[in-house]
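The values are calculated or read from the model by the stated rules, or taken from the named source; none is laboratory data. Remember, predicted model here, so these are calculated numbers, not experimental data. Here the Cβ is made from the backbone with ideal geometry for all residues, glycine too, and neighbour counts use every protein chain on show. Areas reflect the complete protein model, heavy atoms only, side chains present, ligands, DNA and RNA absent. Shrake-Rupley method; radii C 1.70, N 1.55, O 1.52, S 1.80 Å.
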Amino acid sequence: MSATATTRAGVIGVGSMGQNHARVYAELPDVELVGVADTDEQRANEVATRHDTDARARTDLLTAVDVVSIAVPTAYHYDLARECIEADVAVLVEKPFVADPEDGRELCDLADERDVTLQVGHIERFNPAVEAVASVLADEEILAFDARRLGAPRERDIKDGAVMDLMIHDIDVVCSLVDDEIDRVNAVSTEGGRYVDAQLGFAEGAVGSLTASRVTQRKIRELTITARDCWIVVDYIHRSIDVHRQSPPEPDDAPYTEFRSGVWRRGIDSNEGIIEQPVVGDGEPLKKEIASFVECARTGREPVVSAADGLRALRIAKRIDRLAEPNPVEADPR
């Protein structure tokens, strides 16, 4: 695909998430939304009309596009992604990547063999707060983390459990920040798997806790990180980062300072330490995710969230799911 030509895009599955993919493709410059496909013909027609495009049969759509998003139930990801790759169409598959890790490994190999871009939709990687904290941690040694993704029961039916629907986001984010292999996993659950708590141990010593809940009466999306020289609080919802340190303020006590990367706001906390607040960018994470995917398809660059990343998060999530069941039987973590 030419790096300067208009990219022809399509969406397979235009439910609650797929409709947003269609909207973003229609809004991006140098991208043409040439069609959408869905087993619900009425819904496909409604979304197509909204974005001045066509509702198409899937086979017809794949002959007309350069890139496509797959936003259907997880059980159908493998078959649809394989069909797209075999048609030499770049694919963005919503998380979780696939239902079976072995199918994911097969898709990775097929995409490599055919030189087709394959990205997995872990949208939190494109949250400006997550992008910023990765820069904060560039010179830090992570000791521990605590990720909480909590919320009240949802009205709509969700096929995936709390681990696959919620916790898998934090699994991916943590694995992207801790450059090490996981060698220990524990997990427990209650309320039929709607509340799950997991503990991870990394080979070089870092440890962490992840909690996912569909029964908590307040929406929380938070990651805290204990590093050797600081404690960091990341709020996904408000897109903010607080970095707590015990070192004293700068001699001039300036409210803003250059620190590592970018401009930081500094303040005094109640323990006479300092709080640094890096400037966090803006932008809609989904739009950033899809724009990055399109750019990778155009240039051949490795996606920010590769198929291998999606497969890693899936394998860990599957292991947590097994361990969280009553009387779990540990399986091969690979």
### Query
Say we look at region 166-217 and pick out the residues that are at pLDDT below 95 and among the basic types (K, R); which of these is farthest from the chain's Cα centre (by Cα)?
R194
### Task
Evaluate the following for A317: is it surrounded by 22 or more Cβ atoms within 10 Å (Cβ to Cβ), under 28 Å from A212 (Cα atoms) and modelled with pLDDT of 95 or more?
yes
### Query
Mind checking which pairs have a first residue in region 297-318 that is closer than 15 Å to K95 by Cα and in a loop (DSSP other than H, G, I, E, B) and a second that is open to solvent by 10 Å² or more (accessible area, probe 1.4 Å) and among the small types (G, A, S), Cβ under 6 Å, 6 or more apart or different chains?
V304/S292
### Residue list for region 80-114, filter: within 16 Å of F293 (Cα to Cα) and in a loop (DSSP other than H, G, I, E, B)
D88, V89, K95, F97
### Query
What are the residues in region 140-165 that are at pLDDT 95 or above and more than 21 Å from T226 (Cα to Cα), if any?
V163
#### Entry: Some residue of region 81-93 being among the basic types (K, R), open to solvent by 10 Å² or more (accessible area, probe 1.4 Å) and touching a strand residue (DSSP E or B) at 6+ places or on another chain (Cβ under 8 Å)
no
